[in-house]
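The values are calculated or read from the model by the stated rules, or taken from the named source; none is laboratory data. Remember, predicted model here, so these are calculated numbers, not experimental data. Positions of Cβ are backbone-derived with ideal geometry, glycine not excepted, and every protein chain shown enters the neighbour counts. Ligands, DNA and RNA are excluded from the accessible area calculation, which covers all protein heavy atoms including side chains. Shrake-Rupley method; radii C 1.70, N 1.55, O 1.52, S 1.80 Å.
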Amino acid sequence: MNAEIKRPRIGVLAIQGDYAAHAEALLEAGATPVEVRKREELSDLDGLILPGGESTTILKFLERGHLFDELKQFCSTRPVFGTCAGAILLAREVRNPAQRSLGVLDAVVERNAYGRQIDSSILFSDSKLPGDKLEMVFIRAPRIVETGPDVEVLARRDGRATLVRQGKLMAATFHPELTADRRVHKAFVDLVNAHRASQGGLASQ
Ligand code: GLN
């Protein structure tokens, strides 16, 4: 089969949270989603999504399942997209309270930065993605309070980054899987395809 048109296999960490909605969004964005619960399941993937949920719970599971180091290694070799709790897991530093993270994204993240559950909100904002304003669903969202020089900001809320890219990593403080707009997942699938092409081979072949 032509390597260009083969769908990339993108894992979705399926421990807790809204992984099923991410899997659906990936399908619509041109990828084949794969639920990941064990470290063996990471081996033949072209990329990975770390979904929202409760980062403390996800972190405990990663540590107990000996997935933490494996995941850190995965982040250095293949594209990874963290949304909400997933963005917290990717960050270099986590505050409010401090918590261990993979430390691969050059950003400082403050958890639950917009108040309690009732503060969850939907905003439309300009973004660097092609097309109209981007709908952003925030649920007990973190706030990115600092980004390093290699981090490109693709969307903001009140001047602060909400969607970022750093090399083959992406992070969103909102939930793109909960809207009908597939531009964010498409941007990640494009990143995965570009990375596959740059490696000259396909993990999924
Ligand atoms: N409040 C959660 C945390 O700190 C993140 C919320 C979410 O992923 N929707 O981990």
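Under 8 Å for C-alpha pairs, at least 6 residues apart: give me the relative contact order for the chain, rounded to a whole percent.
Rounded, it is 20 percent for the chain.
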Counting only pairs 8 or more places apart or on different chains, how many lysine pairs in the chain have C-alpha atoms closer than 22 Å? 10
Interchain or sequence-distant (5+) residues whose placed amide H lies within less than 5 Å of the amide H of residue 34 are 10, 11, 12
In Å², and per residue, what accessible area does the stretch 1-62 have when probed at 1.4 Å with the other protein chains present? 44
What is the set of long-range amide H partners of residue 145 at a cut-off below 5 Å, with H atoms built 1.01 Å from backbone N? 108, 109, 110
What's the ranking of 148-154, 133-139 by average number of surrounding C-beta atoms within 10 Å, highest first? 133-139, 148-154
Given the options 129, 147, 114, identify the residue whose Cα lies farthest towards the positive end of the charge dipole of the stretch 105-170 (+1 on Cβ of Lys, Arg; -1 on Cβ of Asp, Glu). 114
Is it possible to state the helix-based mean residue ellipticity at 222 nm for the chain, with each DSSP H run of 4+ residues giving -39500 (n - 2.57), the sum divided by total residues, to the nearest 500 deg cm²/dmol? What is it? -7500 deg cm²/dmol
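How many percent of the accessible area of the stretch 90-152 is carbon or sulfur, using a 1.4 Å probe? If you can, show how the numbers build up before the last one.
On the way: 1670 of 3460 Å².
With neighbouring chains kept in place, the figure for the stretch 90-152 is 48 percent.
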How large is ³J(HN,Hα), in whole Hz, for each residue of the stretch 44-59 in order, when computed from phi with the Karplus curve 6.51 cos²θ - 1.76 cosθ + 1.60 and θ = phi - 60°, using x for Gly and Pro? 10, 9, 8, x, 8, 10, 9, x, x, x, 10, 4, 5, 5, 4, 4
Given backbone amide H placed at 1.01 Å from N, residues whose amide H is under 5 Å from that of residue 170, ignoring those fewer than 5 places away on the same chain, are 80, 81, 82
Quick one: if the Förster radius is 25 Å, what FRET efficiency do residue 123 and residue 35 give, using the C-beta to C-beta distance and rounding to 0.05? 0.25
Based on alpha-carbon centroids, what's the gap between the stretch 140-204 and the stretch 77-134 in Å, whole number please? 10
Checking the a/c ratio against 1.5 first, then a/b against b/c, what shape does the Cα gyration tensor give for the stretch 99-157? oblate
With +1 assigned to the C-beta of every Lys and Arg and -1 to the C-beta of every Asp and Glu, and no other charges, what is the dipole magnitude of the stretch 76-205 about the Cα centre in debye, to the nearest 20? 240
Taking a ≥ b ≥ c as the square roots of the eigenvalues of the Cα gyration tensor of the stretch 87-205, is the shape rounded (a/c under 1.5), prolate (a/b larger than b/c) or oblate? oblate
Return a whole-number percent for the relative contact order of the stretch 122-171, with Cα pairs under 8 Å and 6 or more residues apart as the contact set. 28
Under the rule a/c < 1.5 gives rounded, and otherwise a/b versus b/c splits prolate from oblate, where does the stretch 1-135 land using the Cα gyration tensor? oblate
